[in-house]
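Engineer: Here it is, the structure in full.
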Amino acid sequence: MTIHLRTWGDLACFTRPEMKVERVSYPVITPSAARGLLEAILYKPQFRWRIRRIAVKRPVRFLAFRRNEVKSRLSPRNPVPLLADEDRTQRNTLALRDVEYVIEASMHLTPLAGLPRRKPADDEDYGDDTPVKYLAMFQRRAEKGQCFAQPCFGCREFPAHFELADEAAMRVPLEINRDTDLGLMLYDVFHLDVLKDQPPGKIQKPQPRVTFFKAALKDGVVTVPEWNEVKSQLGGAQ
């Protein structure tokens, strides 16, 4: 059971993790960024998103510019005021312009599915925890433009617009982008085995653990492998 979501925007930056100072974007949206976009529309601990395919609907075009950023982060535990004038720095950004994607994803239940809620249930939490239920919730929210947070393309200042689509939207004209080997691309920033192997009950929070996969753009579509396939491609080292 899959969903299709069309999303587009003026700018995007899916920063390569090997670039520690300057922001240099991957040529297409990463699976982790696509997952974050879907979670901005609907997130429940009873399921997780699994990105299957990403259709690149517009030509890949880059745009270079400089912008001001702050070097520090505010801590929620110790909210000391941050003075931007004293902590500001200029950094180069190589971003994408005029992007449009169609994300194909499926829902997979976690060990929390079917367990009693630890907090009072909202109006959408009644009934059995099934992919059909959460799929209907996602479709209803996407049709109304509802989201928990504004979806974005890598950075908060690059908002992403969205609407429901169907499988036909995955077709991309051959002249848009030629087939390209994209090399190693960021797969996710969490160790996904934590979500699968732990016993039922309170889910242990996944630890940050960067993983990559061999990505390729073929017929305008990036096919995202299963997690087990990613581990086998990298020899299980990740």
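Engineer: Looking at Asp85, Asp98, can you tell me which residue is over 18 Å from Leu164 (Cα atoms), assigned to a strand (DSSP E or B) and of a type outside the set (Phe, Trp, Tyr)?
Structural biologist: None of the other options fit; the residue is Asp98.
Engineer: Now a separate question. Please count how many residues of the range 5-32 are surrounded by 20 or more Cβ atoms within 10 Å (Cβ to Cβ) and touching an Asp or Glu at 6+ places or on another chain (Cβ under 6 Å).
Structural biologist: 0
Engineer: Related question: Do we find that Asp181 is surrounded by fewer than 14 Cβ atoms within 10 Å (Cβ to Cβ), touching a residue at least 60 places away in the same chain (Cβ under 8 Å), out of contact with any Cys (no Cβ under 9 Å at 6 or more places or on another chain) and of a type outside the set (S, T, N, Q) in this structure?
Structural biologist: In short, no.
Engineer: Among the residues in the range 152-161, are any part of a loop (DSSP other than H, G, I, E, B), in contact with a Pro (Cβ under 6 Å, 6 or more places away or on another chain) and modelled with pLDDT of 95 or more?
Structural biologist: For the range 152-161, residues part of a loop (DSSP other than H, G, I, E, B), in contact with a Pro (Cβ under 6 Å, 6 or more places away or on another chain) and modelled with pLDDT of 95 or more: present.
Engineer: Which residue is farthest from Ala169 (Cα to Cα), if the candidates are limited to the range 207-225 and must be assigned to a loop (DSSP other than H, G, I, E, B) and either touching a Phe, Trp or Tyr at 6+ places or on another chain (Cβ under 6 Å) or free of Cβ contacts under 8 Å to residues at least 24 places away in the same chain (or both)?
Structural biologist: That would be Gln207.
Engineer: So, one more: Take the range 84-109 and flag every residue that is of a type in the set (Val, Ile, Thr) and surrounded by fewer than 18 Cβ atoms within 10 Å (Cβ to Cβ).
Structural biologist: Thr89
Engineer: Given the conditions (1) touching a residue at least 12 places away in the same chain (Cβ under 8 Å); (2) farther than 22 Å from Val224 by Cα, and given that Pro79 satisfies all but one, which numbered condition is not satisfied?
Structural biologist: Looking at each condition in turn, Pro79 falls short on (1).
Engineer: Does the range 69-97 hold any residues that are more than 27 Å from Thr30 (Cα to Cα) and among the aliphatic types (A, V, I, L, M), and which are they?
Structural biologist: Across the range 69-97, the qualifying residues are Val80, Leu82, Leu83, Ala84.
Engineer: Checking the condition within 30 Å of Ala168 (Cβ to Cβ) and of a type in the set (Lys, Arg), which residue from Lys44, Lys20 passes?
Structural biologist: Answer to the check: Lys44.
Engineer: Taking the condition of being within 15 Å of Gly154 (Cβ to Cβ) and either hydroxyl-bearing (Ser, Thr, Tyr) or not in a helix (DSSP H, G or I) (or both), how many residues in the range 29-47 meet it?
Structural biologist: Residues flagged as within 15 Å of Gly154 (Cβ to Cβ) and either hydroxyl-bearing (Ser, Thr, Tyr) or not in a helix (DSSP H, G or I) (or both) within the range 29-47 amount to 3.
Engineer: Of the residues Asn78, Asn92, which is of a type in the set (S, T, N, Q), modelled with pLDDT of 85 or more and either assigned to a strand (DSSP E or B) or over 22 Å from the mean Cα position of the chain (by Cα) (or both)?
Structural biologist: Answer to the selection: Asn92.
Engineer: Now for a different question. For the range 48-75, give me the residue count where each residue is without any contact (Cβ under 8 Å) to a residue 40 or more places away in the chain and either surrounded by 12 or more Cβ atoms within 10 Å (Cβ to Cβ) or not in a loop (DSSP other than H, G, I, E, B) (or both).
Structural biologist: 8
The values are calculated or read from the model by the stated rules, or taken from the named source; none is laboratory data. The model shown is predicted, which means the values in this text are computed figures rather than measured ones. So basically every Cβ, Gly included, is an ideal-geometry build from the backbone, and we count neighbours across all protein chains shown.
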